[in-house]
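S.K.: Sharing a structure here in structure tokens format.
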Amino acid sequence: MSKVETQAQPTQPVTLRPGNIQLDPQGKLRHFLAIEGLPKAVLTKILDTAESFTNSEEKKFELLKGHTIANLFFEPSTRTRTTFELAAKRLSADVLNINISASSSSKGETLLDMLRNLEAMHIDMFVVRHGSSGAAHFIANHVPPHVSVLNAGDGSHEHPTQAMLDMFTIRQHKPDFPSLRVAIVGDLMHSRVARSQIHALNTLGVGELRVIAPQTLLPVGIEKMGVQVYQHLDEGIKDVDVIIMLRLQRERMHGAFIPSEHEYFKLYGMTEKRLALAKPDVIVMHPGPINRGVEMDSAVADGSHSVILQQVSNGIAVRMAAMAMAMRNPDGSSAS
Amino acid sequence: MSRIHIKGGRLIDPANDIDAITDLWIADGKVQAIGHAPDGFSADETINAEQLIVCPGLIDLSARIREPGQAHKATIASETAAAASAGITTLVCPPDTQPVIDSAAIVELIHLKARQANLSRLHMLGALTCNLDGELISQMLSLKNAGVVGMSNANKPVPNSLILRRAFEYACTHDLTVFIRPDDDGLSNTGCVHEGALASRLGLPGIPEAAETVAVARHLELIEQTGVKAHFSQLSTARAANMIARARHDGLKVTADVAVHHLYLTDIDIRDYNSACHLIPPLRSERDRDGLRDAVKRGVIDAICSDHQPHEPDAKQAPFPDTEPGLSGLDTLLPLVKRLADEKLLSLSEAIDRVTRSPANILGLEQGHLSVGAIADICILDPDMNWVVNSDNLNSAGHNTPFIGWEMHGRATRTLVNGQLIFSSDHD
């Protein structure tokens, strides 16, 4: 029986091919939707480009002058949106911030109609945050060739720029990824940041990657994503070089996934005492905002191992890099 | 009524164990003779069926026709026409129309519209509970008198086991078969895909296998206790099929069907958020697909349906979780069932049985076979017609099918209901 185009009985392992849509025929970044599917070279180039921005004496660059970037936020966000806005402005792009409440965008046709309207205003790039996984892919599949899409977080799927700024921060402190042992702690079930970090760390060849959480907060099949699974913190952070704490959403804390904040902190909260189990020069990261006393003690958040504020400032350079690399010319070719 | 002679076709009638090149003579809506012309029969029309297969018309155990309530998706006229063009002579519509099929008036309305369309037959399942709310048992007697062929709560589980028990008992009283799409609401939660590695990667909320198996176990217990006639609809997991097999082995008389796409597709087909594969129950693992195929082969799964759910294009144009679940399946039911024979999973006769005699038995209908004297609901198909599924050759109002681009082998060329030609292909 021959099959045309569609495979009836797929035999390949569970891998996605977002790379097809994320890269142009020359292998350059076209959209930045997910870490999964991007080759190491592209990730490294993002880091190198970000580094060139941070190393520069200049604060402002003319790279995207004449280009217009729309921040399309279907979920409330202050920090991520601000850093994207700042990144765009430092590249001399014009920026449009659009915040859409979930209620006015529950229908797909509204979303498509909105895109058509914005395209008519000659927007060159959409930075999209949306509560539904796959939203950035959906939008990327519906924009014309000269428009590119940056995913600023889609549902529980990916948040690739956050992961890249984390990689950037790790590289500043510990540049040799293959020698590193990294632990990601917390709500992996709902975390788009964690999924992006896992793909990024594995693509960059990290030595060992652990995830630590109670079973209620571990997605089914996560062990197939190239991680070692631990359910107890003390065991999991032994001798690690990097600890990435994840944010626990308040609505998940009571009863549904964990019995109480108190119990969570007792089992998974990062304290100075626990930190001593890791390598002496361990760095502690958190995508913010921190729930102090739930995910970590203030002593850890503000302590000498914490690189949390560096993450924030690195966020701008990394987003500048992604924007500069993905921006297209009117003919659809890469503008970088 | 016209008198028809179907000439030279390969008659496949699983109920009578016939697979032979022979002629059929039809008059007064019934099969008058097979093999030898009745004395003095003069046909008004002779259909040349050489190189074609003649079999009972297909009976689809689950097809949403969207009317009343969602005529922007499809109508009784559009979907009975699509069914006719696909060799399907009987459709069974679940009760989740808008309004719900929980009163005789709605049954009569739908019957009226189907009569006006005058194409494939349309049967209904009545709501097991009022408005499918799972709180009050429905007026089963008046629904039965209005003509429903069974009861169902469609895709809405009845959470309270006491109410479920009473609904089963009351269905028993009226000798009504209950159709169960097994689902545990709590475990399914907000899920939209099979729970597994792929769902976790895509960040999509998963529906665990246990959402189906827990519900099968719970229903089996109450079926055994109440003695209700029960049928499990659209199984999606291999484990559920095994549970049915065990229950049958232990002497419980239950039947089951599967939607044909679950015999071909898996969650991997969702890949980059392909909303055409957003289905409930979800596409599951390869192990499940293979287990379901095996259950069909062993006869644990008695029947195959389309689980037809046509949508307007906008319903699938959104980020994956925000799209509406379901696929349009009438056009592809026959070729996909035939393909099971092409792939040697079943004999052609067995494959046809799963969509003719077997569903007829589950429904307690007279159709599904072509004995002399039987109602002449007939499908004539060209087994060698190759066609590639695309929007232009789908007859359903809904073009939401993940089989776009698939090459199919076989298509209906003529369809008869009650001895009348209701569809004739322009391809021959």
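The values are calculated or read from the model by the stated rules, or taken from the named source; none is laboratory data. Source: prediction; values computed, not measured. Glycine gets a Cβ as well: all are built from the backbone with ideal geometry, and neighbour counts include every protein chain shown.
S.K.: Looking for whichever is within 13 Å of chain A (Cβ to nearest Cβ) and more than 19 Å from B:Ile304 (Cβ to Cβ) here; the options are B:Gly405, B:Gly373, B:Gly410. Which one fits?
M.R.: On the way: B:Gly373 fails: within 13 Å of chain A (Cβ to nearest Cβ); B:Gly410 fails: more than 19 Å from B:Ile304 (Cβ to Cβ).
Selected residue: B:Gly405, the only one of B:Gly405, B:Gly373, B:Gly410 that is within 13 Å of chain A (Cβ to nearest Cβ) and more than 19 Å from B:Ile304 (Cβ to Cβ).
S.K.: Exactly one condition in (1) of a type in the set (Phe, Trp, Tyr); (2) within 14 Å of chain A (Cβ to nearest Cβ); (3) in contact with a Pro (Cβ under 8 Å, 6 or more places away or on another chain) is false for B:Phe232; which is it?
M.R.: (2)
S.K.: Next question, about the same structure. Tally up the residues in segment B:44-76 that are within 17 Å of B:Gly373 (Cα to Cα) and among the hydrophobic types (A, V, I, L, M, F, W, C), please. Walk me through how you get there before you give the answer.
M.R.: Initially, segment B:44-76 is screened for residues within 17 Å of B:Gly373 (Cα to Cα), giving B:54-57.
When the remaining residues are screened for being among the hydrophobic types (A, V, I, L, M, F, W, C), the result is B:54-55.
So the answer is 2.
S.K.: A:Asn141 - would you say it is within 21 Å of B:Lys316 (Cβ to Cβ), polar (S, T, N, Q) and surrounded by fewer than 24 Cβ atoms within 10 Å (Cβ to Cβ)? Quick ask: steps written out before the conclusion?
M.R.: Details: within 21 Å of B:Lys316 (Cβ to Cβ): yes; polar (S, T, N, Q): yes; surrounded by fewer than 24 Cβ atoms within 10 Å (Cβ to Cβ): yes.
Yes, satisfied.
S.K.: Being crowded, with 20+ Cβ neighbours inside 10 Å and part of a loop (DSSP other than H, G, I, E, B) is the filter here; which residues of segment B:135-157 pass it?
M.R.: The answer is B:Ser138, B:Val148, B:Val149, B:Asn153, B:Ala154, B:Lys156, B:Pro157.
S.K.: Can I ask one more? Select from segment B:266-292 the residues that are of a type in the set (Val, Ile, Thr) and touching a Leu at 6+ places or on another chain (Cβ under 8 Å) and write down the one among them that is nearest to the other protein chains (Cβ to nearest Cβ). First the steps, then the outcome.
M.R.: So in segment B:266-292, the residues of a type in the set (Val, Ile, Thr) come out as B:266, B:268, B:270, B:280.
Retained after the next criterion (residues that are touching a Leu at 6+ places or on another chain (Cβ under 8 Å)): B:266, B:268, B:270.
On the way: B:Thr266: 7, B:Ile268: 4, B:Ile270: 10 Å.
Step by step, filter segment B:266-292, then rank; the result is B:Ile268.
S.K.: Give, as residue ranges, the strands (runs of 3 or more DSSP E) completely inside segment B:20-113 that count at least 3 residues that are touching a Lys or Arg at 6+ places or on another chain (Cβ under 8 Å). Quick ask: steps written out before the conclusion?
M.R.: Details: elements: B:30-34, B:45-48, B:53-56, B:58-60, B:88-93.
The strands (runs of 3 or more DSSP E) meeting that bar are B:45-48, B:53-56, B:88-93.
S.K.: Additional query: Given A:Val127, A:Val149, which one is touching a Phe, Trp or Tyr at 6+ places or on another chain (Cβ under 7 Å) and either away from chain B (no Cβ under 14 Å) or of a type in the set (S, T, N, Q) (or both)? Break it down into steps so the answer makes sense when it comes.
M.R.: Values: A:Val149 fails: either away from chain B (no Cβ under 14 Å) or of a type in the set (S, T, N, Q) (or both).
None of the others qualify; the one that does is A:Val127.
S.K.: Ok, one more. Return the residues of segment B:164-209 that are in a helix (DSSP H, G or I) and within 11 Å of chain A (Cβ to nearest Cβ); say none if nothing qualifies. Talk me through it step by step, then tell me what you get.
M.R.: So the first thing to find is which residues in segment B:164-209 are in a helix (DSSP H, G or I), and the list is B:164-173, B:185-188, B:197-202, B:209.
Hits for segment B:164-209 are B:Ala197, B:Leu198, B:Ala199, B:Ser200, B:Arg201, B:Leu202, B:Glu209.
S.K.: With the structure loaded, tell me whether A:Ala299 is in contact with a helix residue (DSSP H, G or I) (Cβ under 8 Å, 6 or more places away or on another chain) and among the hydrophobic types (A, V, I, L, M, F, W, C) or whether it fails that test. Show your work before the answer.
M.R.: Details: in contact with a helix residue (DSSP H, G or I) (Cβ under 8 Å, 6 or more places away or on another chain): yes; among the hydrophobic types (A, V, I, L, M, F, W, C): yes.
Criteria met by A:Ala299.
S.K.: So, in segment A:91-105, of the ones that are surrounded by 14 or more Cβ atoms within 10 Å (Cβ to Cβ) and modelled with pLDDT under 85, which residue ends up farthest from A:Leu64 (Cα to Cα)?
M.R.: A:Ser105
S.K.: Could you tell me which numbered condition B:Thr323 fails, if it satisfies all but one of (1) under 16 Å from B:Thr89 (Cβ atoms); (2) polar (S, T, N, Q); (3) within 14 Å of chain A (Cβ to nearest Cβ)?
M.R.: B:Thr323 satisfies all of (1) under 16 Å from B:Thr89 (Cβ atoms); (2) polar (S, T, N, Q); (3) within 14 Å of chain A (Cβ to nearest Cβ) except (1).
S.K.: Scan segment A:193-248 residue by residue and report those that are in a helix (DSSP H, G or I), away from chain B (no Cβ under 14 Å), among the aliphatic types (A, V, I, L, M) and under 16 Å from A:Phe265 (Cα atoms).
M.R.: Result: A:Leu233, single match.
S.K.: Can you name the residue in segment B:385-428 that is of a type in the set (Phe, Trp, Tyr) and surrounded by 20 or more Cβ atoms within 10 Å (Cβ to Cβ) and, of all such residues, is nearest to B:His311 (Cα to Cα)?
M.R.: Of everything passing the filter in segment B:385-428, B:Phe403 is nearest to B:His311 (Cα to Cα).
S.K.: Okay, moving on. Looking for whichever is in contact with a His (Cβ under 8 Å, 6 or more places away or on another chain) and within 24 Å of A:Thr83 (Cα to Cα) here; the options are A:Leu150, A:Leu165, A:Leu201, A:Leu217. Which one fits?
M.R.: A:Leu150
S.K.: Return yes when B:Leu348 is in contact with a strand residue (DSSP E or B) (Cβ under 7 Å, 6 or more places away or on another chain), more than 11 Å from every other protein chain (Cβ to nearest Cβ) and surrounded by 23 or more Cβ atoms within 10 Å (Cβ to Cβ) and no when it is not. Outline the logic, then answer.
M.R.: Details: in contact with a strand residue (DSSP E or B) (Cβ under 7 Å, 6 or more places away or on another chain): yes; more than 11 Å from every other protein chain (Cβ to nearest Cβ): yes; surrounded by 23 or more Cβ atoms within 10 Å (Cβ to Cβ): no.
No.
S.K.: State whether the residues of segment A:264-281 include one that is touching a strand residue (DSSP E or B) at 6+ places or on another chain (Cβ under 8 Å), outside any helix (DSSP H, G or I) and closer than 30 Å to A:Leu150 by Cα.
M.R.: No, every residue in segment A:264-281 fails to be touching a strand residue (DSSP E or B) at 6+ places or on another chain (Cβ under 8 Å), outside any helix (DSSP H, G or I) and closer than 30 Å to A:Leu150 by Cα.
S.K.: Just one of (1) touching a helix residue (DSSP H, G or I) at 6+ places or on another chain (Cβ under 6 Å); (2) surrounded by 24 or more Cβ atoms within 10 Å (Cβ to Cβ); (3) of a type in the set (Gly, Ala, Ser) trips up B:Ala210, so point out which.
M.R.: Looking at each condition in turn, B:Ala210 falls short on (2).
S.K.: Assigned to a helix (DSSP H, G or I) and out of contact with any Gly (no Cβ under 7 Å at 6 or more places or on another chain), is that true of B:Asp384? Spell out how you get there, then give the answer.
M.R.: Values: assigned to a helix (DSSP H, G or I): no; out of contact with any Gly (no Cβ under 7 Å at 6 or more places or on another chain): yes.
Considered against the rule, which asks whether it is assigned to a helix (DSSP H, G or I) and out of contact with any Gly (no Cβ under 7 Å at 6 or more places or on another chain), B:Asp384 comes out as no.
S.K.: Something else: Counting only residues that are out of contact with any Ser or Thr (no Cβ under 7 Å at 6 or more places or on another chain) and more than 16 Å from B:Asp377 (Cα to Cα), how many does segment B:11-60 have?
M.R.: 17
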